[in-house]
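Contents: one structure, followed by commentary.
The values are calculated or read from the model by the stated rules, or taken from the named source; none is laboratory data. All figures in this text were calculated on a predicted structure; none of them were measured in a lab. Positions of Cβ are generated from backbone atoms using ideal geometry, with glycine treated the same way; all protein chains shown enter the neighbour counts. The protein model used for the area step is the full one, side chains on, heavy atoms only, and it has no ligands, DNA or RNA in it. Shrake-Rupley method; radii C 1.70, N 1.55, O 1.52, S 1.80 Å.
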Amino acid sequence: AQTIHQWPVAEIKAVGSPLSLGCTIKGKSSPNLYWYWQATGGTLQQLFYSITVGQVESVVQLNLSASRPKDDQFILSTEKLLLSHSGFYLCAWSPDREQYFGPGTRLTVL
Amino acid sequence: QQQVRQSPQSLTVWEGGTTVLTCSYEDSTFNYFPWYQQFPGEGPALLISILSVSDKKEDGRFTTFFNKREKKLSLHIIDSQPGDSATYFCAASDTNAYKVIFGKGTHLHVLP
């Protein structure tokens, strides 16, 4: 069975500080991977997707970047956090069309 | 324009009743429509999905209907249970399904 793990579970960071969020998929080789952002009580906004190692496509610009250093790993990062970056970050994977979400990382920027 | 409109924003039903959520879209290239269920503090879970070549798909108490001509879809939950209380999102994507557009969600409350 496939499992998806996100780290950390939650972060409290200062405006202007750097950020790195991670996602790992186990049990599935070469999955499509995705990053989403969700404001509290809001909808899901797709940020990035990757269909292969080393290749990442940006869907929306939010002063964030993503990388896929390994087949099973997806990293979301920024060098300078903004207040607007607060929210719930979700990683998802898909074998085909269906996307399966991880447990998420709650980010609070103060 | 790539947009998915979802209604209602919030809905309260009694236990045992039928819940109906609706979505509409504009982009004719969309052909895959999943519905997700999200509980507070958790990631969304795929509930049911439908391709544009079908007009109905059932999975237990959950049924999704698709009307290609009107560009509308709906989710019906029969015998609604308090445990169904959650936020439901419809979504849409094209053939590749790399880019997915989500609706704004419906907050469902099922009262015992």
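Run down B:Phe66, B:Phe33, B:Phe102 and say which single residue is open to solvent by less than 10 Å² (accessible area, probe 1.4 Å) and at pLDDT 95 or above.
Working: B:Phe66 fails: open to solvent by less than 10 Å² (accessible area, probe 1.4 Å); B:Phe102 fails: open to solvent by less than 10 Å² (accessible area, probe 1.4 Å).
Checking each option against the conditions leaves just B:Phe33.
The single residue among B:Ser93, B:Ser49, B:Ser80 that is away from every other protein chain (no Cβ under 11 Å), small (Gly, Ala, Ser) and crowded, with 16+ Cβ neighbours inside 10 Å turns out to be B:Ser80. Within the stretch A:34-66, how many residues turn out to be among the small types (Gly, Ala, Ser), surrounded by fewer than 19 Cβ atoms within 10 Å (Cβ to Cβ) and farther than 16 Å from A:Leu82 by Cβ? Looking only at that region, the number is 4. Only residues that are β-branched (Val, Ile, Thr) and closer than 19 Å to A:Arg68 by Cα were counted in the stretch A:82-110, giving 1. B:Gln37 fulfils the conditions (1) free of Cβ contacts under 8 Å to residues at least 60 places away in the same chain; (2) within 14 Å of another protein chain (Cβ to nearest Cβ); (3) closer than 29 Å to A:Val56 by Cα; (4) more than 13 Å from the chain's Cα centre (by Cα) except for a single criterion, (4).
A search for C-beta distances below 9 Å between a residue of the stretch B:96-112 that is within 7 Å of chain A (Cβ to nearest Cβ) and of a type in the set (Phe, Trp, Tyr) and any residue that is surrounded by fewer than 21 Cβ atoms within 10 Å (Cβ to Cβ) and not in a strand (DSSP E or B), counting only pairs 6+ apart in sequence or on different chains, returns B:Tyr98/A:Val59; B:Phe102/A:Thr43.
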